[in-house]
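Right, one structure below, let's go through it.
The numbers here are math on the coordinates, done by the rules we state, and not lab data. Here the structure is a predicted model, which means the values were calculated and not measured. A quick note on method: Cβ atoms are made from the backbone with ideal geometry, for glycine too, and the neighbour counts reach across all protein chains shown.
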Amino acid sequence: MALFQLILILILSSCMAQDEDIMTPVVNIYSEIKEIKASINRLTMDLNTANNELAEQNSLIEELQKQIKESPKVAFTASMSATESTNRGPFSTETKLIFDKVLTNIANAYDPVTVFTAPVKGVYYFRYSGSAFSSHDMGLSVFKGTTQFVSSYKYNSGERNDQMASGAVMELEVGEEVHMRLWIRSWIFVGQHYNYSTYTGYLLYPLDSTSV
């Protein structure tokens, strides 16, 4: 009987030991939960940082869109009108060319009778083209006020009718004028139906009063 009791005690002790092993966790659950919370906090901080950066970028985009919308729009293209195909020149003095056939005149800064007048301080681009008969010289200049800025010259080749073009970037103050002139003893062709000779200008971007 004593032996049976001893065996029973040994069996019960073994079972209790197994139960303790089963109930003992392999990992520390509290440590794992703590690490998960720390990871969530880091992800939350990263998300907040990303949201702040996105908000700054959206604000910058809105500001740029506002500047583009409010930026002045200035552009023109003009040619010379004629009831029949003819030419301007030659003249005994350098002569202002009148491009009276207005094709585009955004902001109405171009006066087809006189000159282009800058409505805002800014950087502008001007371009011109000229057509001439092969037997005639052609000299063209762009003037900023009374100062010759850029010029082009075509010598009479005697072989074919010629076309030339050039352009320039200018910084203009409000009210400064730009026009074109035909050189002494030179010609420029004016077509009745086609705009062979043209004068174009547009505002690249405005400058504020503190710009250098």
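Overview of results
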| quantity | calculated |
| --- | --- |
| Net charge contributed by nearby residues that have their C-beta within less than 13 Å of Leu182 (K/R +1, D/E -1) | +3 |
| Cβ-based net charge around Phe99, under 13 Å, with every Lys or Arg adding one and every Asp or Glu removing one | +3 |
| Spherically averaged projected area of the range 72-206 from its Cα convex hull (nm²) | 7.5 |
| Around Leu140: net Lys/Arg minus Asp/Glu count, Cβ-Cβ under 14 Å | +3 |
| Cross-link pairs Lys73/Lys96; Lys96/Lys154; Lys96/Lys144 - those with Cα-Cα distance over 24 Å | Lys73/Lys96 |
